[in-house]
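Working notes for the structure below.
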């Protein structure tokens, strides 16, 4: 579910991201952040079919964490249902979207 | 005497976060007969998830108590009522503002009520301090959507 690649953390978001799942993920990511210096966080939504505002909280939380040190948060693989939620929340003002995880990684490697 | 609705359900469940998913599945099964589009299904599931999450985090502050969920189908219309008996909301109008949250530390986005409002046709919130909160929502299925 998590893959660390230098200062990049890739989070493979589960099928459903609600408050229950977000709490779990928060604990796990905080643990990773304690052990490593993460600058960029990529949320890959490829397999995600459901998300509520807890997912927005999750994105905002990670943004706050990396923003202090000039890092960034990306979302990839977002399908229609999830895109509507992201759009409505206004999160695209602080989070950049890529079509695929590969594109995000490619852009970061430049 | 005829009933004024086509189907009715009422369930009570514990305010544990696992039940957010349970509540979504119950409502999804309940409205299946209306043949909702994927978008309508997603809208309703999100609204239910937000309402139930509010009960768990805000009303009961993670204590295990009871949440009531009632649903009615009348023609193409879904009515939902989600009730808790928790601490209540001091200022409902303020709580319904986008980005308003008392749970900043818990990484809450403050978008819960905004999503319920956006995804349902009708949202009504009544709360009493120390007594609890009732959230009522309505949505017509199979209606052209104006966004």
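What follows is calculated from the coordinates using simple rules that are stated; it is not laboratory data. Every value quoted in this text rests on a predicted model; they were computed, and no experiment measured them. Positions of Cβ are generated from backbone atoms using ideal geometry, with glycine treated the same way; all protein chains shown enter the neighbour counts.
Residue count for the range A:12-42, restricted to those that are closer than 20 Å to residue B:108 by Cα and touching a residue at least 40 places away in the same chain (Cβ under 8 Å): 3.
The set of residues from the range A:43-70 being within 9 Å of the chain's Cα centre (by Cα) and either surrounded by fewer than 18 Cβ atoms within 10 Å (Cβ to Cβ) or free of Cβ contacts under 8 Å to residues at least 12 places away in the same chain (or both) comprises just one member, A:63.
Yes/no per residue for (1) touching a helix residue (DSSP H, G or I) at 6+ places or on another chain (Cβ under 7 Å); (2) more than 10 Å from chain A (Cβ to nearest Cβ); (3) assigned to a loop (DSSP other than H, G, I, E, B); (4) touching a residue at least 60 places away in the same chain (Cβ under 8 Å):
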position: B:43; (1), (2), (3), (4): yes, no, no, yes
position: B:49; (1), (2), (3), (4): yes, no, no, no
position: B:55; (1), (2), (3), (4): no, yes, no, yes
position: B:61; (1), (2), (3), (4): no, yes, yes, no
position: B:72; (1), (2), (3), (4): no, yes, no, yes
position: B:78; (1), (2), (3), (4): yes, yes, no, yes
position: B:93; (1), (2), (3), (4): no, yes, no, no
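Loosely packed, with under 15 Cβ neighbours inside 10 Å, more than 10 Å from chain A (Cβ to nearest Cβ), outside any strand (DSSP E or B) and more than 15 Å from the chain's Cα centre (by Cα) - does that describe any residue in the range B:81-89? Among the residues of the range B:81-89, not one is loosely packed, with under 15 Cβ neighbours inside 10 Å, more than 10 Å from chain A (Cβ to nearest Cβ), outside any strand (DSSP E or B) and more than 15 Å from the chain's Cα centre (by Cα), which makes the answer no. So which residues in the range A:71-110 are touching a strand residue (DSSP E or B) at 6+ places or on another chain (Cβ under 9 Å), within 14 Å of chain B (Cβ to nearest Cβ) and buried (at least 18 other Cβ atoms within 10 Å of the Cβ), if there are any at all? A:73, A:78, A:81, A:82, A:85, A:86, A:91, A:95, listed by residue number. Just one of the listed residues (B:19, B:7, B:35) is in contact with a strand residue (DSSP E or B) (Cβ under 6 Å, 6 or more places away or on another chain) and either within 14 Å of another protein chain (Cβ to nearest Cβ) or within 24 Å of residue A:82 (Cα to Cα) (or both), and it is B:19.
For the range A:74-104, the set of residues classified as part of a helix (DSSP H, G or I) and over 13 Å from the mean Cα position of the chain (by Cα) consists of A:80, A:81, A:83, A:84, A:85, A:87, A:88, A:89, A:93, A:102, A:103, listed by residue number.
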